[in-house]
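Remarks on the structure that follows.
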Amino acid sequence: VGSGVYDIAYTLPVSVGSNSQKLYLQVDTGSSDLWIASKSCTTSSTCGQTSGHLYDPSVSSTSTDKDFKINYLQGEVSGPIVWDQVVVGGYSIDNQALAAATSITSEPLSPYFSGILGLALPLNSIISSLIAPTTSNAPDGAAWASNVFSITPISSAPQSRFLSLLLSRPGSGEVPAQIGIGRHPEFISQGEGNGAAGGGVDRSGDVEYDLLESERSGTLFWKVSVRAITVWVNGQPLPVSLGGGSDGVKSRMGFMALLVSDLEAMVT
């Protein structure tokens, strides 16, 4: 959703609570926590932007007696941490730790999304630092990206332990925005023709992988070393100088896997 290249957000539908509250969350690869603007939100100027699409934790959540606070480059979000049922992409987690945000400042919301699903690495989770994750099925502070691959029985969990994002260009329907949980998005694995049987081409083999860059405290983000960028202008390649020496530029990327052949940027 958004109005242009510089005002765009990628969102996905979620179901929260025993009464299946349907909400939409912005996908964020730069943070690791899940928070949703709640009906107890006191910053009406921000929460009012959701047109009433607010989370009601009173239905089925359980208090953790812990409070959440996160500071972004611009904006701040805070509120109590609760456990509640969260369903994303058909995968249900009964006791997912999330923040029922009561104060949201300088963090834009809209009728199309009421919070954030953080998909950075679990080590970066603020909630996990307050409520230690465990290896049992007992409620804990594990991030959603950890819990979804730990669903029991294992037959109910994603087949593989990875997430894959495909991001569409604003104003273009050529490539859809999709997320794959334990698999690549259908547009990559099935192509444009409903799979091999329908004439589609499985391009999963075209996906290339790279090692992540770590911080002193561990691997926190999907950060890779970018050594070269080529921008295509009117069908002609134009290399972009990155600087940074022989090691290239360290950049946080919103992908675990990139279709290299699709990385063509259009300049107008």
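The values are calculated or read from the model by the stated rules, or taken from the named source; none is laboratory data. On a predicted model such as this, the values are computed, not experimentally measured, just so you know. Here the Cβ is made from the backbone with ideal geometry for all residues, glycine too, and neighbour counts use every protein chain on show. Side chains included, ligands, DNA and RNA excluded: accessible areas come from the protein's heavy atoms. Shrake-Rupley method; radii C 1.70, N 1.55, O 1.52, S 1.80 Å.
Worth a mention:
- Reported count of residues in the stretch 226-238, each being out of contact with any strand residue (DSSP E or B) (no Cβ under 6 Å at 6 or more places or on another chain) and under 23 Å from residue 29 (Cα atoms), is 2.
- Members of the stretch 136-149 that are under 17 Å from residue 117 (Cβ atoms) and open to solvent by 20 Å² or more (accessible area, probe 1.4 Å): 146, 147, 149
- Residue 75 vs. criteria surrounded by fewer than 14 Cβ atoms within 10 Å (Cβ to Cβ) and out of contact with any helix residue (DSSP H, G or I) (no Cβ under 8 Å at 6 or more places or on another chain): yes
- Residues that are open to solvent by 60 Å² or more (accessible area, probe 1.4 Å), more than 24 Å from residue 165 (Cα to Cα), touching a residue at least 24 places away in the same chain (Cβ under 8 Å) and in a loop (DSSP other than H, G, I, E, B) within the stretch 92-135 comprise just one, 106.
- Any chance residue 243 is open to solvent by less than 40 Å² (accessible area, probe 1.4 Å), at pLDDT below 85, assigned to a loop (DSSP other than H, G, I, E, B) and out of contact with any Asp or Glu (no Cβ under 6 Å at 6 or more places or on another chain): no
- One residue stands out in the stretch 12-42 among those that are in a loop (DSSP other than H, G, I, E, B), among the polar types (S, T, N, Q) and in contact with a Leu (Cβ under 7 Å, 6 or more places away or on another chain): the one that is most open to solvent (accessible area, probe 1.4 Å), namely 29.
- Of 60, 15, 45, 38, all but one fail to be more than 14 Å from residue 113 (Cβ to Cβ) and modelled with pLDDT under 95; the exception is 45.
- In summary, residue 171 fulfils each of the numbered conditions (1) at negative phi; (2) surrounded by fewer than 17 Cβ atoms within 10 Å (Cβ to Cβ) with the single exception of condition (1).
- Filter result (surrounded by 18 or more Cβ atoms within 10 Å (Cβ to Cβ) and at pLDDT 85 or above) within the stretch 186-196: 187, 188
- Restricting the stretch 43-69 to residues that are more than 17 Å from residue 142 (Cβ to Cβ) and of a type in the set (A, V, I, L, M, F, W, C), the residue that is least open to solvent (accessible area, probe 1.4 Å) is 47.
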